[in-house]
Structures are given as C-alpha cells and as structure tokens.
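See structure below.
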Amino acid sequence: MEQRHLGRTGLRVSRLGLGTLTWGRDTDEHDAAEQMKAFWDAGGTLVDTADVYGGGEAEYLLGKFLDTLVPRHELVISTKAGSIPDPDRRTNGSRGHLLASLDDSLARLGTDHVDLWQLHSFDPYTPLEESLQALDIAVHSGRARYVGVSGFCGWQLAKAGTWQLAGERTRLAGTQMEYSLLQRGIEREVLPAALDLGIGLLPSSPLGRGVLTGKYRDGTPAGSRGGSEALAPFVEPYLDETASRIVGAVTTAADGLATTPLQVALAWVRDRPGVTAPIVGARNARQLAAALSVEALSLPDEICQALDDVSAPVHRYPDHDWSTL
C-alpha cells in the first residue's frame, strides 16, 4: 500500500487507515484479529483507536495483537483522549485528565508510546493552551511521537495549529474529521486551515456512514447500522433526497468503471487535496477486504469532476470565493 506523509512532518502512514470503533462492541476478538492481519498483509500501517472505543476494549484488543500477530514497530498506532461518558459535558480537555487517559491507553495497548496522540474533541470549558500543553508533555516525555486533534472546526484548528507553531511547540501533525461525498462541510474552513498550516487530514466515515456503498438504495438491510436501534439516528441524516442523488451518481460511475460504489466513493476521498489517509471501519474481515481492494483504483478526471459537481456543497457568505464577486 502506498505510504504518505502526515501533514508537514516526517511521519509516513499507509494511505488507508484501519478504524477500530466497533472493536469490543460489534466486533469480537476473532474478527478483530482477522481484520488486523488482513490490513497488515495488505501493507497497511495506520491503526486508529481511542480510549472510549468499546469502553477501552478496542485498545486492549489492539494491544493483544502487537508482536503476537503483527510487529509493533511496523504499525503507526493512533489513539485519542478527551471524550468522556458524561451527557452533561462529553469532553474533558484538562491537562490532568488527558495525561492520565494517555497513561491508561498505554497500559491497555501494552506499549510505552503511541505514534500519534490526538485530542478527541474541543473542550470549551478548558483553556485551549492547557489542552495543547498536554500534547507537548506527551511528546517531551516520550509517550507520543506525534500529536494532532479531532473534531475541531475551522477556527479551533487554526487557533490550535498557530499557537503550536508560534510558540515553537510540537506542531500538529494531523486532524481527524468526517469527510465524504455526502459530507463536504470541512471544505469551507477546516481543510483550508489544515492545508495552510501543513496539517494532514484523516477523514472518518469516508463512506458516508455506509450509505455510499449503495446498500440503502432499496431499503434498510437487516443487520446494517441503519437497521440498528442504537445507530439508526447516525445513518438517517444521509438517507434524504440529496444523498440519494449522490449515491446514484456514485453507482453510475461504478458501473461505468466495472467496480463497486464503495471503491468509487473511497477512491474519491482518498485522493482529495490535503487528505493523508481515510479511516475505514469494518465489522469483519470480508467488509475490510472490500475497502482494501481500492488500492489499485484511480478515478479518471472526468469521473472526479462529475462527482464533485453532483456533491458540491453550497458556500455562502462568508465562505464563498471572494474572487468570483
């Protein structure tokens, strides 16, 4: 699998990342091990997790596979901290909480460092400089090699990235945000900020929460996220008329290229400007294999342009291109 630099750093990662959101919840140890082995065999190196995935079980399972199933030194392990199971707050970006969470993550992973450590989301109740100081401490103490953020909007990312550069602190290597043909909102401000600051983008939900695979075109399949009581609200926003039109265009492109909608949608986001590696999640190795097969596909320019046109977000004041006025 092709390797790319994460932002303006020396860290190289595979251009597809393996997500572990379902590990320890919908994906058991056997299926997780099969995914890990298939990903590594395909040349994948970037594995993304978080301290809250599966209540910590995702990190624990990943730790069990290090050196027993795949060599630790050949993986780029990325984890996150800051999200908390508190409906009244949801985020804790305090220095104490973040560093304690990192220590707990390292214990579950069974390693002395992670390759990329990210703030899981912006905490409006903690000074940003305090949260960012935790990133510096993690790098200086050797517990993290590189750092980044997740879920930061445009001004938050710009402020964090500029703060780190202006103070000659540890620069932000990456930012993780939802990005797909069905969700291009980050193109307004987040992506321009990332490109300007040299921060690599790690898109989550690159398949539009599964909708871009086309499996919802004729209803909601049994056993799918959309058919789950817990996850149906997560999928529902992408089942409207606009999404249907975009999925139709993806399906038409796939038919013309003799491939699948999944491959077309994933190849589109993988090769967008500023993107380092989409994070692909799967419930089993069969689903993951379908995503990994995109490695050989590059979309023709005319197909990319057609998909750009049908999915183009509306940019209004003050986000539109002022040169067109």
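The values are calculated or read from the model by the stated rules, or taken from the named source; none is laboratory data. Computed from a prediction, not measured in an experiment: that's the story for all the values here. Glycine gets a Cβ as well: all are built from the backbone with ideal geometry, and neighbour counts include every protein chain shown. Calculation scope for accessible area: heavy atoms of the full protein, side chains included, ligands and nucleic acids excluded. Shrake-Rupley method; radii C 1.70, N 1.55, O 1.52, S 1.80 Å.
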*From S244, S298, grab the single residue that is open to solvent by 20 Å² or more (accessible area, probe 1.4 Å), outside any helix (DSSP H, G or I) and polar (S, T, N, Q).*
S298
*Failed item in (1) at pLDDT below 95; (2) touching a helix residue (DSSP H, G or I) at 6+ places or on another chain (Cβ under 6 Å); (3) part of a helix (DSSP H, G or I), with A282 passing the rest*: (3)
*Consider only pairs whose beta carbons are under 7 Å apart and that are at least six residues apart or on different chains; among these, list those whose first residue lies in the stretch 145-157 and is touching a residue at least 60 places away in the same chain (Cβ under 8 Å) and whose second residue is of a type in the set (K, R).*
S150/K80
*Residue under evaluation L11, criteria (1) farther than 17 Å from A296 by Cα; (2) buried (at least 23 other Cβ atoms within 10 Å of the Cβ); (3) among the hydrophobic types (A, V, I, L, M, F, W, C), criterion not met*: (2)
*Any idea which of Q287, Q305 is assigned to a helix (DSSP H, G or I), of a type in the set (S, T, N, Q) and buried (at least 16 other Cβ atoms within 10 Å of the Cβ)?*
Q287
*Cβ-Cβ under 7 Å pairs, at least 6 apart or on other chains, the stretch 208-225 side in contact (Cβ under 8 Å) with a residue 12 or more places away in the chain and more than 21 Å from G185 (Cα to Cα), far side of a type in the set (V, I, T) and part of a helix (DSSP H, G or I)*: G214/V247; G214/T251; R217/V247; R225/V235
_A194 - would you say it is part of a helix (DSSP H, G or I), among the hydrophobic types (A, V, I, L, M, F, W, C), touching a residue at least 40 places away in the same chain (Cβ under 8 Å) and surrounded by fewer than 23 Cβ atoms within 10 Å (Cβ to Cβ)?_
no
*Filter the stretch 64-90 for residues that are open to solvent by 20 Å² or more (accessible area, probe 1.4 Å) and in a helix (DSSP H, G or I) and give the result.*
K64, R72, H73, E74
*Members of the stretch 14-50 that are out of contact with any His (no Cβ under 7 Å at 6 or more places or on another chain), crowded, with 24+ Cβ neighbours inside 10 Å and assigned to a loop (DSSP other than H, G, I, E, B)*: L16, T20, G44, T49
